[in-house]
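Everything below concerns the one structure shown next.
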Amino acid sequence: DIEIAIRNQKIETVDSFSYLGCWACRDQRSDKEVESRLTKSATAFNMLRNVIWYRKTILIEAKLRIFRACVLPVLLFGSEVWSLTAVQEKRISTFYMKCLRTILGLNLGDRVANITIMQLSGQPSIENLMRRNRLRWVGHANRMENENGPHLVKKIMFSYFPGEKRPKNTGI
């Protein structure tokens with residue numbers, strides 16, 4: 001490990017830390033970040049439970065707009081760079097569908113399929129939302145000028161290795 005000192009103060013080396021609301025981990029895993037996002041977005045959703053979601057007088061379209069404005073940004077903040085496992089994707093998808101069921105006034109006992117819920121609400125799947133965010137971020141990175149500091153990210157993402165070849169099919 002490298003020791004860094006600022007004004008004779010040694011900077012502690014840690015395995016993970018929170019920076020601007022996102023967790024950065026030494027092992028590059030998204031576990032802590034996903035759990036943090038799920039907790040924060042569940043809190044945001046539950047704060048509006050009695051005020052918005054359970055009110056029959058509020059139109060479903062209005063509830064969905066509030067959901068897209070107040071809960072989804074909290075859930076998807078920083079999702080452009082997540083590398084998710086299947087379990088993490090399932091947890092995020094489950095939370096998203098639970099929110100949509102609540103907004104539509106349905107519960108698990110109603111036995112309504114997820115695809116039907118997305119059709120009734122007119123919402124895309126959470127996987128499509130995350131994919132759209134990733135593509136938008138890649139587009140921004142691709143349009144960066146070469147003089148900008150994040151040039152290294154662009155160079156790594158869009159690198160070309162002319163000497164490299166695909167491995168031959170070994171039949172395994």
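The values are calculated or read from the model by the stated rules, or taken from the named source; none is laboratory data. If you're wondering where the values come from, they're calculated on a predicted model, not measured in any experiment. Because the Cβ atoms are built from the backbone with ideal geometry, glycine has one as well, and the counts that use them run over all protein chains shown.
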- Message: Where the second residue is part of a loop (DSSP other than H, G, I, E, B) and the first is exposed (fewer than 10 other Cβ atoms within 10 Å of the Cβ) and lies in the range 4-15, which pairs have Cβ atoms under 6 Å and are six or more apart or on separate chains?
- Response: Asp15/Arg26
- Residue in the range 74-110 that is modelled with the highest pLDDT, counting only those that are over 30 Å from Thr57 (Cβ atoms) and β-branched (Val, Ile, Thr): Ile92
- Task: Report whether or not Arg37 is of a type in the set (Lys, Arg) and surrounded by fewer than 17 Cβ atoms within 10 Å (Cβ to Cβ).
- Result: no
- Just give me the residues in the range 51-103 being surrounded by fewer than 15 Cβ atoms within 10 Å (Cβ to Cβ), in contact with a Gly (Cβ under 9 Å, 6 or more places away or on another chain) and not basic (Lys, Arg), in sequence order. Tyr54, Ile60, Glu61
- Message: Can you list residue pairs whose Cβ atoms sit under 9 Å apart, with the first residue in the range 99-115 being over 18 Å from Asn50 (Cβ atoms) and among the charged types (D, E, K, R) and the second being surrounded by 12 or more Cβ atoms within 10 Å (Cβ to Cβ) and at pLDDT 95 or above? Count only pairs 6 or more apart in sequence or on different chains.
- Response: Asp110/Arg101
- Task: Please name all residue pairs, on different chains or six or more residues apart, with Cβ atoms under 9 Å, provided the first residue is in the range 62-75 and is free of Cβ contacts under 8 Å to residues at least 24 places away in the same chain and the second residue is assigned to a helix (DSSP H, G or I) and hydroxyl-bearing (Ser, Thr, Tyr).
- Result: Pro73/Ser41
